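A.B. asks: Okay, handing you the structure first.
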Amino acid sequence: MKLKIAVLGGDGVGPEVTAEAVRVLRAIANVNGYEFQFTEAEVGGVAIRKHGSPLPEKTLHTCLESDAVLLGAVGHPEFDSMPRDKKPETGLLALRQALGGFANLRPVQAYAALSDSSPIKQELVFGADVMIVRELLGGLYFGEPRGIKDDTATNTMSYSRYEIERVAHIAFQQARNRRKKVTSVDKANVLECSQLWRLVVTEVAKQYSDVKLEHAYVDSFAMRLIQAPTAFDVVLTENLFGDILSDEAAVIGGSLGLLASATIGGEVDLYEPVHGSAPDIAGKGIANPVGAINSVAMLLRHTAKLEQDARLIESAVNAVLLDGYRTKDLVPSARKFNTTAEVGSAIERQCADMAISH
Ligand code: NAD
Ligand code: IPM
Ligand code: MN
């Protein structure tokens with residue numbers, strides 16, 4: 001197995017967590033004799049400072065030449081008031097567009113080992129396992145016209161039948177391999193985009209008679225997701241709703257730092273933790289690397305089709321959490337916690353041990 005992986009650490013905690021994910025991939029490659037070739041490139045604020053652009057040509061080229069891209073995070077407060085083309089986030093959005101992946105899979109689970117980390121009552125989160133399928137290339141993020149003119153700002157939400165259909169298929173396919181239920185989340189009582197969304201999703205559902213479809217309005221769904229997370233299996237939604245709901249869902253597991261994502265359906269798959277650059281903890285070596293590590297498990301699953309190795313990483317994460325390893329986000333009031341590197345190397349060791357004993 002040969003794989004070319006572009007590694008874009010980005011800003012803040014991005015490079016700290018991607019280093020741990022790469023370390024885990026190297027361990028898997030060593031044990032199995034796979035050839036994973038890693039090429040580092042710059043994106044976001046670091047790229048603006050060095051090259052004047054959040055997505056330099058060279059970075060884009062490296063990504064397009066790779067089998068998969070692993071990205072940490074972008075963003076820094078110093079760019080907050082810059083024009084759009086000088087913002088780190090613009091580089092990430094341009095990269096997503098160039099790679100073409102339209103379906104962003106964001107799994108959320110309640111780890112048994114972390115039942116104390118979620119502020120939600122244990123009996124409510126116990127067993128929760130939700131797959132958010134977020135449409136990633138449409139909606140308000142990319143709609144035209146957009147901009148600020150005089151005292152008026154404009155963004156446009158627009159969705160075509162084609163854009164809805166293709167992401168709906170991914171959600172139903174996911175559900176087929178899970179608990180066979182899709183909850184499509186929209187705002188069809190107000191927005192035309194959501195009315196078309198509901199219509200098209202209902203049509204696509206006819207091709208998946210083994211999967212149950214329900215529709216929900218985003219406002220009350222946001223409440224139900226926290227009130228009864230085990231009621232949901234696959235959650236299908238548009239770009240901005242998916243962005244917001246996935247950070248909300250992080251509360252189920254106990255930390256945003258745990259959440260991984262895979263963006264599939266395009267030319268090159270993109271893997272990134274759900275969290276951002278976390279400027280408040282950057283440079284301290286205390287970020288949770290599990291989101292990034294779980295993202296490379298998804299890389300092995302979706303790009304490399306190495307399901308066993310993907311599961312091995314996920315089991316190693318589970319084992320290390322059961323062993324009591326905790327970054328600060330999981331034990332906010334404790335005085336003792338593990339560093340990013342301690343958690344990363346524990347997962348690396350666990351992967352190597354489990355792979356050898358197989
Ligand atoms: P954030 O996700 O960076 O941080 C939110 C909170 O979660 C912070 O308290 C942070 O310390 C904590 N957190 C995040 N990741 C963590 C981890 N791995 N371990 C432990 N704690 C973690 O969101 P924000 O503060 O709203 O945004 C900061 C910057 O990140 C902004 O510039 C934003 O645009 C950018 N951002 C980038 C991405 C991305 O690159 N994919 C995603 C979200 C936000
Ligand atoms: C995410 C982030 C990005 C998004 C930003 C940084 C562009 O919040 O990946 O969730 O909104 O998609
Ligand atoms: Mn987000």
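The values are calculated or read from the model by the stated rules, or taken from the named source; none is laboratory data. Quick caveat, the model's predicted, so the values are computed rather than measured. Note that we place each Cβ from the backbone using ideal geometry, even for glycine, and neighbour counts take in every protein chain shown.
A.B. asks: Of all the strands (runs of 3 or more DSSP E) wholly in region 172-243, which have at least 1 residues that are of a type in the set (D, E, K, R)?
C.D. replies: Hits in region 172-243: 181-186, 212-217.
A.B. asks: On to the next question. With Phe126, Phe172, Phe102 as the choices, which residue is crowded, with 16+ Cβ neighbours inside 10 Å, closer than 24 Å to Ala292 by Cα, more than 16 Å from ligand 3 (Cβ to nearest atom) and of a type in the set (A, V, I, L, M, F, W, C)?
C.D. replies: Every option except Phe102 fails the conditions.
A.B. asks: Now a separate question. Taking the options Phe241, Phe221, name whichever one is closer than 24 Å to Leu137 by Cα and more than 16 Å from ligand 3 (Cβ to nearest atom).
C.D. replies: On inspection, the qualifying residue turns out to be Phe221.
A.B. asks: Would you call Ala355 small (Gly, Ala, Ser), within 14 Å of ligand 1 (Cβ to nearest atom) and touching a helix residue (DSSP H, G or I) at 6+ places or on another chain (Cβ under 9 Å)?
C.D. replies: Answer is no for this residue.
A.B. asks: Identify, by number, the condition in (1) buried (at least 22 other Cβ atoms within 10 Å of the Cβ); (2) not assigned by TED's automatic domain parsing to the domain that holds Ala304 that Cys63 doesn't meet.
C.D. replies: Checking Cys63 against (1) buried (at least 22 other Cβ atoms within 10 Å of the Cβ); (2) not assigned by TED's automatic domain parsing to the domain that holds Ala304, the one that fails is (2).
A.B. asks: I need the full set of residues from region 190-204 which are crowded, with 20+ Cβ neighbours inside 10 Å and among the aliphatic types (A, V, I, L, M), in order please.
C.D. replies: Val200, Val201, Val204
A.B. asks: Name the residues in region 94-120 that are closer than 27 Å to Ala168 by Cα, among the small types (Gly, Ala, Ser), within 14 Å of ligand 1 (Cβ to nearest atom) and not in a helix (DSSP H, G or I), would you?
C.D. replies: Passing the criteria: only Gly101.
A.B. asks: Here is a follow-up. Looking at region 75-93, is at least one residue in a strand (DSSP E or B), in contact (Cβ under 8 Å) with a residue 60 or more places away in the chain and of a type outside the set (Phe, Trp, Tyr)?
C.D. replies: no
A.B. asks: Of Glu144, Glu163, which residue is loosely packed, with under 12 Cβ neighbours inside 10 Å and at pLDDT 95 or above?
C.D. replies: So the residue among Glu144, Glu163 that is loosely packed, with under 12 Cβ neighbours inside 10 Å and at pLDDT 95 or above is Glu144.
A.B. asks: Test of understanding: among Met157, Met131, which residue is under 20 Å from Asn318 (Cα atoms), outside the structural domain of Ser295 (by TED's automatic domain parsing), among the hydrophobic types (A, V, I, L, M, F, W, C) and modelled with pLDDT of 95 or more?
C.D. replies: Met131
A.B. asks: Then there is this: Can you say whether Pro88 is buried (at least 22 other Cβ atoms within 10 Å of the Cβ), within 16 Å of ligand 2 (Cβ to nearest atom) and assigned by TED's automatic domain parsing to the domain that holds Ala352, as far as the supplied structure shows?
C.D. replies: yes
A.B. asks: Could I ask something else about it? Among the numbered criteria (1) within 30 Å of Phe102 (Cα to Cα); (2) within 16 Å of ligand 2 (Cβ to nearest atom), which single criterion is violated by Asp280?
C.D. replies: Only one criterion in (1) within 30 Å of Phe102 (Cα to Cα); (2) within 16 Å of ligand 2 (Cβ to nearest atom) is unmet by Asp280, namely (1).
A.B. asks: Please go through region 208-249 and give me each residue that is touching a strand residue (DSSP E or B) at 6+ places or on another chain (Cβ under 7 Å), among the aliphatic types (A, V, I, L, M) and more than 23 Å from Asn177 (Cβ to Cβ), ordered by number.
C.D. replies: The one that is touching a strand residue (DSSP E or B) at 6+ places or on another chain (Cβ under 7 Å), among the aliphatic types (A, V, I, L, M) and more than 23 Å from Asn177 (Cβ to Cβ): Val218.
A.B. asks: Output the residues belonging to region 133-145 that are under 26 Å from the mean Cα position of the chain (by Cα) and in a loop (DSSP other than H, G, I, E, B).
C.D. replies: Leu136, Leu137, Gly138, Phe142, Gly143, Glu144, listed by residue number.
A.B. asks: Examine region 264-276 for a residue that is part of a loop (DSSP other than H, G, I, E, B), surrounded by fewer than 23 Cβ atoms within 10 Å (Cβ to Cβ) and within 15 Å of ligand 1 (Cβ to nearest atom), and state whether such a residue exists.
C.D. replies: Yes - at least one qualifying residue is present in region 264-276.
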